[in-house]
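Contents: one structure, followed by commentary.
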Amino acid sequence: MHPVLATLLAAAAPALGLVNPDGTGRLPALGWNSWNEYACDINETVFLRVGQLMIDLGLKDRGYEYVNIDDCWSNKELRRDNITQQIIPDYEKFPNGIKGLADKIHDMGLKLGIYGDAGTSTCGGYAGSIGYEDVDAATFAAWGVDCKLMPRHQDKTVVVEFEQLTGWAGTDLKYDNCNVPEEWYDLWKYAPELWFGGGQAESQDNGDPGSSVTGEPAPAGYDWSTSNTAKRYDLMRDALLGQNRTIQYSLCAWGHSHVEQWGNDTGHSWRMWGDIYPEWDGHYQWSWGLMPILNHASFFYNTTNFWGHNDWDMLEVGNGNLTLEESRSHFAFWSGLKSPLIIGTKLDGIDDEILDILANKELVEFNQDPAYGEGIKPYKWGINPDGTWNQTHPAEFWCGESVKGTHLYVLNTLNATTRKTVDFDEVPGLSGRKTYKVHDMWTGRDLGMAKGKYSMKVKAHDTAALRIEECRGRRCH
């Protein structure tokens, strides 16, 4: 094993996590978020329309259940009630208040998420939650929202998603990280975008201190669970636990402060990187294309399991300049990595081929597998030697287990159709001496039997998603 990977795996043993008796948070959250399509141009009608579309398009039946309000839902000028200190909704956008919308979403059999911030203000300049954790947790609970604090731009925000106790088990709070006051700055700095493969291949001390006092990397052995970032997220965790609600708590710290090292003691999922952008590679301002994110996931995948999931940000399937093949790869890997699957695609008028990706039965089932909590992991890089940090050509060969067998995800990072070969001797748990049935998860069809190796053509930037089952008697017929 590559030495960098061995070090990361040794340091990444997941904690027990926050366990809810009703199962909330055991599996990744599935839902939809408003930001990509609507930004601040939101109102009650938008969310009721989306809720109905989730039902009509079959997404609810596939397991998608959260309808999440992003930023800009509150009154930007009044901010908080002078007496109760509660956040004041924008009643022009939501004439029936958030509770009125929550009631209607619940009547559809869905859950409503809401947006907040672990700083003084959200990214859009609306009221943040730091210093008001108890008030905001109680307010969201009283409104009956399935609170989800969602993420947005660089200076981010908190998102809280709760659950109504009567008939609505589970909550998803996504808590973002915008406008952190100086007294809450971390002593040391860690941003995942400045990690270039570990060891000396980092540039945390790049001259921009960010939300840190020193702008320097932490000394070896530093316990990031003692950082101010961890403490800020713990405050909201404790406030949510005090509401007598079951809560799926999603941390949106953008991978800062090595959240993967302490996130599972605090929440059920944690953002691992900056904002996603609908491009194959590269980045735009603080947002990143798919390949830089997948490159980071090639090294930081081992902290996902039941009750705790790396969050690689919302789905951009069908958005921007992504080709159909790139959208397929995006969904295949986010579902395989067992990231929360939060749709950021316009549902009104969605193309059938994009809906087919989002509603793919077998890929969603892997993400939600009841017996295997770990996501897929790379077993061979392909283009580059194993363990290579490369934001254009990350690991191409990945595998994982489910109740149905071994699953293989084979990515083509090249710009042309390429023949890819799976050597069963290289896949953990498989053997080149055995015969296997090869199944295509995209189409739901069996592709035949193979022994030793299996080869296929993969289009540029596409991903082959295969399920492998050992042939034993009639199981291959």
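The values are calculated or read from the model by the stated rules, or taken from the named source; none is laboratory data. Being a predicted model, the structure only gives us computed values, none of them experimental. No Cβ is skipped: glycine too gets one built from the backbone with ideal geometry, and neighbour counts run over all protein chains shown. For the accessible areas, the whole protein counts, side chains as well, though only heavy atoms, and no ligand, DNA or RNA atoms are used. Shrake-Rupley method; radii C 1.70, N 1.55, O 1.52, S 1.80 Å.
Output needed: percent of Cα pairs per 10 Å distance bin for region 242-297, bins running from 0 to the one holding the longest distance.
23, 41, 27, 8, 1
Treat region 36-97 as a sphere of radius equal to its Kirkwood radius over Cα pairs and apply Stokes-Einstein at 4 °C in a medium of 1.567 mPa s; give the translational diffusion coefficient in µm²/s, rounded to a whole number.
The diffusion coefficient I find is 98 µm²/s.
Mind running the shape call on region 251-380? Use the C-alpha gyration tensor, a ≥ b ≥ c as the square roots of the eigenvalues: rounded below 1.5 for a/c, prolate if a/b tops b/c, oblate otherwise.
Oblate, because a/c is 1.5 or more while a/b does not exceed b/c.
Starting with the highest mean, order 443-451, 106-114, 265-273, 383-391 by the number of other Cβ atoms within 10 Å, averaged over the residues of each peptide. Provide the component values of the computation, followed by the final result.
Details: 443-451: 12.9, 106-114: 23.4, 265-273: 26.9, 383-391: 15.9.
The peptides rank, most packed first, as 265-273, 106-114, 383-391, 443-451.
Tell me, Kirkwood radius of region 313-416 from alpha-carbon pair distances, in Å? List each step's numbers first, then the result.
Values: mean 1/r = 0.0685 Å⁻¹.
Taking every pair of different Cα atoms in region 313-416, averaging 1/r and inverting gives 14.6 Å.
Need one number: nm distance between label points at residue 321 and residue 403, each 7 Å from Cα along Cα→Cβ, rounded to one decimal.
4.3 nm
Give me the one-decimal nm value for the distance between modelled label points at residue 283 and residue 220, 7 Å along each residue's Cα-to-Cβ direction.
Going from the residue 283 label point to the residue 220 one covers 2.7 nm.
What percent does the relative contact order of region 23-138 come to when contacts are Cα pairs within less than 8 Å and at least six residues apart?
The normalised contact order for region 23-138 reaches 26 percent.
Considering the dipole of the chain built from charges on the beta carbon (Lys and Arg +1, Asp and Glu -1) around the Cα centre, which of 258, 235, 339 is farthest to its positive end?
Checking the options against the dipole of the chain, the answer is 339.
Note down the magnitude of the dipole of region 199-299 about its Cα centre, charges +1 on Lys and Arg C-beta and -1 on Asp and Glu C-beta and zero elsewhere, to the nearest 20 debye.
460 debye
Run the numbers on the chain and let me know its relative contact order in percent, using alpha-carbon pairs under 8 Å that are six or more apart.
This gives 13 percent for the chain.
Give me the percent of accessible area attributable to carbon and sulfur for region 420-470, probe 1.4 angstrom.
Carbon and sulfur together cover 43 percent of it.
Tell me which of 360, 247, 140 sits at the most positive position along the dipole axis of the chain, charges placed on C-beta atoms (Lys, Arg +1; Asp, Glu -1).
Value computed over the given set: 360.
Plugging the Kirkwood radius over Cα pairs into Stokes-Einstein for region 58-128, at a temperature of 37 °C and a viscosity of 0.692 mPa s, what D comes out in µm²/s?
Once the numbers are plugged in, D ends up at 247 µm²/s.
Specify, per residue and in Å³, the volume enclosed by the convex hull of the alpha carbon atoms belonging to region 10-144. List each step's numbers first, then the result.
Values: hull volume 21.2 nm³, N = 135.
Residue-normalised Cα hull volume stands at 157 Å³.
Please report, for the Cα atoms of region 209-250, the Rg to one decimal and the Dmax as a whole number; what are they, in angstrom?
Spelled out, the Cα radius of gyration and Dmax of region 209-250 are 14.1, 40 Å.
Rolling a 1.4 angstrom probe over the protein heavy atoms, how many square angstrom per residue are accessible across the chain?
38 Å²
So for the chain: antiparallel DSSP bridges make up what percent, rounded to the nearest 5?
The antiparallel proportion sits near 65 percent.
Find the percent of Cα-Cα distances in region 190-331 that exceed 26 Å, and round it to a whole number.
When all Cα pairs of region 190-331 are counted, 29 percent exceed 26 Å.
Any chance you could run the full-extension gain for residue 386 through residue 39? It's 0.36 nm times the residue separation minus the Cα-Cα distance, nm to one decimal.
That pair, residue 386 and residue 39, stretches by 120.9 nm at full extension.
Compute the angle between helix 228-241 and the longest alpha-carbon principal axis of the chain, please, reported from 0 to 90 degrees and rounded to the nearest 10.
With both axes taken from Cα atoms, the answer is about 80 degrees.
In 20 Å bins starting at zero, report the fraction of Cα pairs in the chain per bin as a rounded %.
That works out to 26, 57, 17, 1, in percent per bin.
Over what distance in Å are the Cα centres of region 233-256 and region 282-353 separated?
Value for the Cα centre distance between the two parts: 23 Å.
Among 75, 89, 314, which residue has its Cα positioned farthest towards the positive end of the charge dipole of the chain, with +1 placed on the Cβ of Lys and Arg, -1 on the Cβ of Asp and Glu, and the dipole taken about the Cα centre?
314
Rg to Rh for region 97-143: what is it, with Cα atoms only and Rh by Kirkwood?
1.04
Could you give P(r) for region 357-477, binned at 10 Å from zero, as whole percent values over all Cα-Cα pairs?
Going out from 0 Å in 10 Å bins, region 357-477 shows 13, 44, 36, 6, 0 percent.
Treating only the Cβ of Lys, Arg, Asp and Glu as charged (+1, +1, -1, -1), what charge dipole size does the chain show about its Cα centre? Round to the nearest 20 debye.
Dipole about the Cα centre, nearest 20: 1800 debye.
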